[in-house]
1. Under 17 Å Cα-Cα from C:Lys233, which lysines qualify once same-chain neighbours fewer than 8 residues away are excluded?
2. Roughly how many Å² is the accessible area per residue of segment B:1-124, as a whole number, for a 1.4 Å probe?
3. If one computes P(r) from the Cα atoms of chain B, what percent of pairs lie at distances over 26 Å?
4. To the nearest 500 deg cm²/dmol, what mean residue ellipticity at 222 nm is calculated for chain B from DSSP H runs of n ≥ 4 alone, each contributing -39,500 (n - 2.57), summed and divided by the residues?
5. If you take the charge dipole of chain B about its Cα centre, with +1 on Lys and Arg Cβ and -1 on Asp and Glu Cβ, which of B:Ala224, B:Thr131, B:Ser95 is farthest toward its positive end?
6. Binned at 20 Å from 0, what are the whole-percent values of the Cα-Cα distance distribution for the protein assembly as shown, short to long?
7. Just counting partner chain Cβ atoms within 10 Å, what average do the residues of peptide C:251-261 show around their Cβ?
8. Do any of A:Lys147/C:Lys110; B:Lys198/C:Lys84; A:Lys57/A:Lys122 go past 27 Å between their Cα atoms, and which?
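The values are calculated or read from the model by the stated rules, or taken from the named source; none is laboratory data. Predicted model, so just to flag it, every value in this text is computed and none were measured. Note that each Cβ is placed from the backbone with ideal geometry, even for glycine, and that neighbours are counted across all protein chains shown. Just the protein is used for accessible areas: all its heavy atoms, side chains included, with ligands, DNA and RNA removed. Shrake-Rupley method; radii C 1.70, N 1.55, O 1.52, S 1.80 Å.
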Amino acid sequence: MSIVETKDLVFEYIRRDEEGNVEGITRAVDNVSLSIRQGDFIAVLGHNGSGKSTLAKHINAILYPTEGTVWVNGMDTSDDEKLWDVRQSAGMVFQNPDNQIIGQVVEEDVGFGPENLGVPTKEIWERVEESLRAVGMYEFRKHSPNKLSGGQKQRVSIAGVIAMHPKCIVLDEPTAMLDPKGRKEVIRAARALNDVEEITVILITHYMEEIIYANRVFVMDKGRVAMEGTPREIFSQVERLKELRLDVPQVTLLAHELKKSGLQIPDGILTTQELLQALGL
Amino acid sequence: MLRDITLGQYYQTDSVIHRLDPRVKLVTTIVFIVSLFVVEGAAGYVLAGLFLLLVIRLSKVPVRFMMRGMKSIAFLLVIAVIFNLFLTQGEVVVSFWKLTITKEGIYYAGCMAVRLVFLIMGSSVMTLTTTPNNLTDGLEKLLGPLKVIRVPVHEIAMMMSIALRFIPILLEETDKIMKAQIARGADFESGNLIKRVKSMVPLLVPLFISAFRRANDLATAMEARCYRGGDHRTKMKPLVYHRRDLMAYGTVCAYLALCIVAGRII
Amino acid sequence: MAIILDHVNHIYEPGTPMAFSALTDVNLVIPDGQFIGLIGHTGSGKSTLVQHLNGLLKPTSGSIYYNGADINADGFNKKELRSKVGLVFQYPEHQLFEIDVFTDVCFGPKNLGLDRKEVELRAYAALKQVGLEDEYFYQSPFDLSGGQKRRAAIAGVLAMKPEVLILDEPTAGLDPKGRDEILDQIAALRQETGMTVILVSHSMEDVARYVDRIIVMNKSRVMMDDEPGAVFKRYGELEEVGLAAPQITYIMQALKEKGLSVDTDIINVEEASQAILRALGR
């Protein structure tokens with residue numbers, strides 16, 4: 001069954017100048033139809049301004065389609081009555097770690113979602129504990145978020161979403177403002193969610209090394225889905241990715257260069273190990 | 001620079017005062033402040049002083065920390081004392097130049113000083129032993145009945161706690177923007193008033209833009225986490241009175257009664 | 001002429017229980033015209049270090065000399081120093097404040113007390129240097145895209161005509177193409193003007209292609225200071241402190257271990273490809 005499905009999704013917004021006159025209409029998402037299965041790990045790639053974040057915000061009913069439909073867990077996101085159910089089913093983590101933590105203590109922030117859902121006090125505590133453990137932040141439960149590193153703050157935000165028991169979690173460029181160590185922490189936490197808790201993960205990013213673990217990758221450009229496939233299928237199209245303002249891991253690029261020079265190497269090499277094998281070493 | 005300022009000067013330790021319900025602490029603080037203005041005479045002040053001393057000892061907060069709050073009111077204290085000292089009419093004790101000090105003046109100045117010091121210390125005990133969050137919760141609950149007359153108590157409390165969360169972040173941001181503009185040759189320190197006010201523009205514009213962006217992001221994040229106001233909301237840490245809280249209320253009542261009695265008799 | 005750091009220490013909030021050392025015994029010589037990568041992860045002291053170079057922070061002990069003069073001596077003109085040592089902060093677009101891009105870029109040179117004509121000439125030249133098209137000059141800086149905003153902000157520092165340009169994480173938050181464009185632009189700028197450039201980053205891969213020298217900071221100290229190839233050779237040590245050499249270093253290392261005679265100093269993909277082909281006898 002698909003947990004998220006979009007059909008002919010279009011999102012337009014009106015640009016206005018300083019006096020409020022209409023300057024034009026921008027189509028941020030253009031005719032996107034896709035279907036994501038329960039339990040998938042999906043990566044959505046794209047350069048800045050490709051429409052990937054706008055697409056993501058539709059899954060959490062923060063934005064509504066101009067045309068077309070989005071279903072989350074079978075519910076139409078435009079249906080006002082289902083609004084809170086949609087938001088509970090599809091949690092969202094945003095880019096800036098500082099601007100999404102509400103609580104002044106880690107555990108209180110994680111409890112914020114369940115409080116809003118009206119979960120009984122005793123169960124909130126259970127959920128907070130299990131969520132913080134799932135992202136490896138339990139020992140920090142009494143800390144102030146201001147004292148945490150970027151990666152830790154993002155893990156707290158992820159815990160805050162898990163505590164709402166969603167079916168699906170959308171991570172909207174969660175690593176864009178982090179250092180490499182923080183990025184690894186967050187990706188590790190997201191993978192654990194997918195493996196252990198079987199939550200569907202939709203990871204929006206422009207870091208290529210983060211998509212290697214995905215089952216399926218969508219590459220966005222100009223509001224459309226420009227490429228779709230497994231990471232290997234995506235990475236085998238080095239030239240196309242460059243056109244889309246993206247790059248590939250150095251090992252993939254090296255393999256690509258060697259192939260162009262006439263060596264017998266398959267497309268879409270993802271690791272050093274694979275390259276060594278391909279070279280017969 | 002700016003980030004050195006800490007708001008909500010909570011002192012982390014474990015004491016019976018720390019564990020008290022914030023409502024008890026709020027009520028006690030109010031009662032204590034009122035008592036300072038009700039009591040008359042030395043006996044009353046001794047009583048208030050003893051009560052304060054007891055609470056401070058129980059709170060395990062070093063007196064040094066209490067004194068910190070004093071610095072900020074030192075100026076006010078001096079002014080109040082001077083006014084009372086020189087401007088009170090009565091039996092003249094000393095007189096020089098155009099100034100006279102009267103017996104009553106000394107008495108009132110002394111009272112004023114004691115009151116102010118007690119007042120600040122009393123409220124410091126509350127802020128030092130209660131996290132800002134807890135305090136907000138306490139206020140929300142205490143003011144709860146006002147909802148009946150359509151005071152948005154929950155919203156006010158939520159705003160307070162968000163403000164408390166973002167103040168350190170915005171202070172840090174101010175520091176950063178300031179440094180960045182100084183690196184571009186901005187000068188925030190010299191010049192006359194008008195020049196200085198003008199020099200704040202490169203700091204304030206980015207700061208406001210950033211604050212609005214953060215507010216916008218936060219609102220979206222809260223909505224995404226199903227926030228829809230105070231109705232139907234449960235609490236992770238609901239305020240529940242324990243035995244110690246009731247005992248504390250009892251103590252406060254006893255203190256108030258003693259104050260009234262002391263005022264009458266002596 | 002150069003910047004010299006002599007036994008520089010910096011302690012935040014000294015004398016309090018929160019005291020913490022952000023720089024410990026840092027000694028560096030930064031000669032004119034070098035392209036330097038300053039690497040370290042968050043909290044390693046790299047941001048504190050660069051803020052010392054233009055006098056925004058004062059060392060707790062030790063001295064910093066700019067062209068032979070102690071920048072923290074009494075009477076030293078810090079304002080002039082800041083025009084000579086341009087510092088572009090992280091997310092510099094967050095400091096834009098004027099009604100249009102051009103006026104914003106004028107802010108720096110105007111603060112130097114230059115006459116209007118010179119100010120505008122410099123602003124124009126700086127905007128050209130960062131590759132921003134004329135059509136954006138009179139737009140509000142807030143209407144530009146992320147990458148353009150960043151260019152405008154960098155131009156704001158360039159317009160002061162610095163001799164040393166320091167950029168703190170200039171590519172943070174940009175997409176891969178945007179990142180390459182900014183870095184290429186900075187490299188071209190340096191070619192053209194010969195100024196000293198210090199690139200602060202937490203990614204070895206980003207800076208490897210451009211810089212002549214890498215300084216690695218760890219826990220407030222300078223841990224390594226050498227040419228890129230030599231730094232990457234010590235990838236074991238880098239990993240111990242949570243950093244990593246570019247992936248290509250690991251590939252070359254693995255190839256060598258498998259008996260292919262390739263040079264492990266190689267730091268970019270093109271050279272690596274040629275070396276492998278050579279080693280395979282193609």
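1. C:Lys256
2. Working: 7370 Å² over 124 residues.
I get 59 Å² per residue for segment B:1-124.
3. Numbers: 21146 of 35245 pairs.
Counting pairs separated by more than 26 Å, the tail of P(r) holds 60 percent.
4. -24000 deg cm²/dmol, from helical runs alone.
5. Comparing the listed Cα positions along the dipole, B:Ala224 ranks first.
6. 13, 39, 34, 12, 2, 0
7. Numbers: counts 8, 2, 1, 6, 5, 0, 2, 4, 1, 3, 0.
For this peptide, the per-residue mean of nearby foreign Cβ atoms is 3.
8. Values: A:Lys147/C:Lys110 38 Å; B:Lys198/C:Lys84 25 Å; A:Lys57/A:Lys122 32 Å.
Violating the 27 Å Cα-Cα cut-off are A:Lys147/C:Lys110; A:Lys57/A:Lys122.
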